[in-house]
There are 2 protein chains.
Amino acid sequence: MFSRPRIPGAKPPRFQGFLRGIRRLWSSLKNTEVFVGSFALLIVLGTIGLKVLPGIYKEAPLGWTDAAFTATSAVCVTGLIVVDTATYFTFQGQLFLLLLIQLGGIGMMSLATLVIMALGGRPSLRSEAAATVINPGLSEITPRKLVLAVIRFTFAFESIGALLLYILWVPKMGWREAIWPAIFHSVSAFCNAGFSTYSDSLVQFSESPATLLVISCLIISGGLGFVVMEELIRYFQKPKHKRRTLSLHTKLVLWSTMLLIFVGASLFLLFEWNEGLNKLSVTDRIVNALFLSITPRTAGFNTVDYASMTTSTNFLTILLMTVGGAPGSTAGGFKVTSLAILVLLASSRLRARQSVTFAERSIPDETVQRAVGLLVVGGGIIVFGIFLLAGIGDLFGQHELFLVEAFEVVSAFNTVGLSMGATSHLSVQACWVVIFLMFIGRVGPLSLAAVLQVRFAQRGTFRYAHEDVIVG
Amino acid sequence: MFSRPRIPGAKPPRFQGFLRGIRRLWSSLKNTEVFVGSFALLIVLGTIGLKVLPGIYKEAPLGWTDAAFTATSAVCVTGLIVVDTATYFTFQGQLFLLLLIQLGGIGMMSLATLVIMALGGRPSLRSEAAATVINPGLSEITPRKLVLAVIRFTFAFESIGALLLYILWVPKMGWREAIWPAIFHSVSAFCNAGFSTYSDSLVQFSESPATLLVISCLIISGGLGFVVMEELIRYFQKPKHKRRTLSLHTKLVLWSTMLLIFVGASLFLLFEWNEGLNKLSVTDRIVNALFLSITPRTAGFNTVDYASMTTSTNFLTILLMTVGGAPGSTAGGFKVTSLAILVLLASSRLRARQSVTFAERSIPDETVQRAVGLLVVGGGIIVFGIFLLAGIGDLFGQHELFLVEAFEVVSAFNTVGLSMGATSHLSVQACWVVIFLMFIGRVGPLSLAAVLQVRFAQRGTFRYAHEDVIVG
Ligand SMILES: [K+]
Ligand SMILES: [K+]
């Protein structure tokens, strides 16, 4: 066998073969597999990093379970913590966490968008002449360009956010001390990660409305998703007379996000006006209620101690955590579009309409059924998770209140990161349940939707006879 | 004007006119309106009865709120109690309650079956040549015959049940003393009412497996619904070679009921083997676990103190309470068929099938969408109820655990009647919330389905263009 002369500095042939193998494996993978695989790989690398990197801890290094927990929480941008990010990690440690968060956030946005675009040519839509595809501007972009666009877009938002936070925090912290917290919180907020370099998260800022509003804007931007933000930017760049109407998806995301924020904030004001928020001024109460409504979907910064809030507040927080943000964003959850479709379905049945309609467009039946499928599967996983956590608690004598356990499971599965205080007491077994929930919550619903969708195209050619069943 | 000669004993003309008016009003009502109206009327009459009838209380007569609560709980066969049926009511009082329960149970079965039959000619089914109607044997029966059949059928089951309970209880209670409890518990069990003449409900029978099994059979029979039981009886009356296959509805009800009972019992055994059931023999543990699995759907007899059970048991009980029994039965809840359809929908999407299928039949899309609509509306009402109860509790300083409040709301809305102990502490405002939940839970989902169905027939002639939306 002829061997090429070895050039100094070039890779040895065996290594090149290895690279070729990797490249071949990569290109044979489906979008969904790439998506799930990248997150798994990133978590494994993050865990190893937390175990082997020097100088990242101020105290004793983390054990394997805690390292896996922390890496999963960072990569899945969940924000649940078993150790205090502020006091446990050195600057290098926090930098490594922020790297994992940033990679997790960008990976989520770009890969989820790729998976969404791969679903473009749906059978029911191809047969429909008048069908509009979701965001036509994106339909011919290559994966490479898409990832670059997501990165540009992310850094633009995070830079503006960091600058604003820096300006706000300089008077309090000083020129040098404000740099790192401003960067960290801007990235953490835009990625909906919810990690903080402060032990009390953002409780100290509960009377700094400007800070809360900047962070709220970052959370909302990250939670709208690339598809929506890209369309919005293109829309506003055009002169007014050239603007065409926004896509149905973007309209639905914007409307449901707005409604959720304002209805949520009003309810929190109602529940906590004379309770948890009673010591604040009226402006601060309103800003804090807004923040309480925005942070559970699914950023996870605290401005209050949830364990001391009313039951109604905690229950509403659980509901908002379950809803989450928009698809293809850094947010987790059941997604605002899925919720909107279910509500529209119920309301269209009440108004004698056969199809689910919004803004003078009807939503395909397949999409409606996928939303229902996600609800059933997601609900099943949450129920199973609560049983596991409660069962493990019973086994090891760590009885927690039901609300606390439900809060923890919902927070983990929807990658929120809020907690009523159970996270630091979890047993090793319970830790692994939560790790599993964070991972499946991050990649699960969307990749599941993709798998369902791919299978759907291979539809059978026969159909059983109809027979009806009575429902409730 | 010519007036007819008055015959002694005949009704005066004005009264006849009144009767004619009533009859005309009655015949102009739709099935759904009759259904909802009958329950409202029965509740009002029951409340007035509890206020004016003499000799029904051993202690001070009930106030209006408590009387309305008790009447609603009896007519809606819920079984939540603000006063102890055993010690508060005389024999006459218990007899009056049993009358309300019996009328509520028979009314539910017959009117719900009428509403179901009125939905027979669905547009999507009429166009389907191969469509089989639900229970063809019932398709030509008149309302009068149907009600009579339901009454015959109810009394047959209740008589057998009472006889068996009497035989079991004579050795312990004596010939005379066993009569009333046997009748009361048989009716209460078949009607899924859950009222008991014992202060501790059935806790004293937790080591009497025969009693628990008889009551379980009554609960299950009442919860299958008239349509299913009628078909089963006709099926087994025929000689073997003449039997045709059971309808899809009956198959689905039987399978899902069986699965729920056995999966539920296994989980309760797992949760309580070394906890709440640890003092019982192995046989008693199994029978009690079966009973724990059967009674929440939606009979509501206690054999245990739920406040002292594990969190997992209480959560599973909440889930089972939400599912309930079959449509057109004495049971409440979301209904086993609705749950089965949602699970089948999720699983059919996973198996690349376009339609929801079971037993080689496909279930019409309209039915699937109705189940989803019911889930969204029912879930919304439960969430709203929990907020109301928690809010009222906050207002009046009666803070209960979240699990206790959720348990109470789910129990009321699904007409179950189990409680973790909140019922007797409810404020007047909270009492009315629960009364409202019991009523809407009893008539709501089914009549709502009917209204949705009727509206559905008047479908519009235009349809908007399709445009897709991304879901999670
Ligand atoms: K988060
Ligand atoms: K009941």
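So here's what we get for this one:
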read-out	value
The stretch B:352-374, subset assigned to a loop (DSSP other than H, G, I, E, B) and in contact (Cβ under 8 Å) with a residue 24 or more places away in the chain, residue nearest to the other protein chains (Cβ to nearest Cβ)	B:Pro364
Where A:Val336 falls short, out of the listed (1) modelled with pLDDT under 90; (2) under 25 Å from B:Val372 (Cα atoms); (3) β-branched (Val, Ile, Thr)	(1)
Complete set of residues in the stretch B:414-444 that are away from chain A (no Cβ under 14 Å), within 13 Å of ligand 2 (Cβ to nearest atom) and part of a loop (DSSP other than H, G, I, E, B)	B:Val416, B:Gly417, B:Leu418, B:Ser419
Residue within the stretch B:250-270 that is away from ligand 1 (no atom under 16 Å from the Cβ), within 28 Å of B:Phe39 (Cα to Cα), at pLDDT 85 or above and at the interface with another protein chain (Cβ under 9 Å from one of its Cβ atoms) present	yes
Which listed residue, of B:Phe89, B:Phe39, B:Phe35, B:Phe69, is buried (at least 21 other Cβ atoms within 10 Å of the Cβ), aromatic (Phe, Trp, Tyr), within 14 Å of another protein chain (Cβ to nearest Cβ) and more than 16 Å from ligand 1 (Cβ to nearest atom)	B:Phe35
Selected residue [facing chain B (nearest Cβ under 9 Å), surrounded by fewer than 23 Cβ atoms within 10 Å (Cβ to Cβ) and within 19 Å of the chain's Cα centre (by Cα)] from A:Val343, A:Val377, A:Val383	A:Val377
Options B:Ser281, B:Ser293, B:Ser338, B:Ser308: the member that is within 12 Å of chain A (Cβ to nearest Cβ) and either among the polar types (S, T, N, Q) or without any contact (Cβ under 8 Å) to a residue 12 or more places away in the chain (or both)	B:Ser338
Whichever residue in the stretch A:284-312 is within 14 Å of ligand 1 (Cβ to nearest atom) and of a type in the set (S, T, N, Q) and, among such residues, is nearest to A:Val336 (Cα to Cα)	A:Thr298
Pairs, first over 12 Å from A:Asn314 (Cα atoms) in the stretch A:398-418, second crowded, with 24+ Cβ neighbours inside 10 Å and charged (D, E, K, R), C-beta under 9 Å, six or more apart	A:Glu400/A:Glu408; A:Asn414/A:Arg297; A:Thr415/A:Arg442; A:Val416/A:Arg297
Selection from the stretch B:237-279 of residues that are part of a loop (DSSP other than H, G, I, E, B) and surrounded by 17 or more Cβ atoms within 10 Å (Cβ to Cβ)	B:Leu246, B:Ser247, B:Gly276, B:Leu277
Qualifying residue in the stretch A:316-325 (condition: crowded, with 24+ Cβ neighbours inside 10 Å, more than 7 Å from chain B (Cβ to nearest Cβ), assigned to a loop (DSSP other than H, G, I, E, B) and of a type outside the set (Phe, Trp, Tyr))	yes
Every residue from the stretch A:76-106 that is of a type in the set (A, V, I, L, M, F, W, C) and in contact with a Lys or Arg (Cβ under 6 Å, 6 or more places away or on another chain)	A:Cys76
Tally of residues being within 15 Å of ligand 1 (Cβ to nearest atom), touching a residue at least 40 places away in the same chain (Cβ under 8 Å) and of a type in the set (Gly, Ala, Ser) across the stretch A:184-213	6
From B:Ile219, B:Ile160, residue being more than 16 Å from ligand 1 (Cβ to nearest atom) and in contact with a helix residue (DSSP H, G or I) (Cβ under 7 Å, 6 or more places away or on another chain)	B:Ile219
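Here is a yes/no grid of residues against (1) at pLDDT 90 or above; (2) surrounded by fewer than 18 Cβ atoms within 10 Å (Cβ to Cβ); (3) assigned to a helix (DSSP H, G or I); (4) over 21 Å from the mean Cα position of the chain (by Cα):
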site: A:Arg144; (1), (2), (3), (4): no, yes, yes, yes
site: A:Leu148; (1), (2), (3), (4): no, yes, yes, no
site: A:Ile151; (1), (2), (3), (4): yes, yes, yes, no
site: A:Ser159; (1), (2), (3), (4): yes, yes, yes, no
site: A:Lys172; (1), (2), (3), (4): no, yes, yes, yes
site: A:Arg176; (1), (2), (3), (4): no, yes, no, yes
site: A:Pro181; (1), (2), (3), (4): yes, no, yes, yes
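The values are calculated or read from the model by the stated rules, or taken from the named source; none is laboratory data. Since the structure is predicted, the reported quantities are computational estimates derived from the model, not experimental observations. Heads up, the Cβs are rebuilt from the backbone with ideal geometry, glycines too, and the neighbour counts pull from every protein chain shown.
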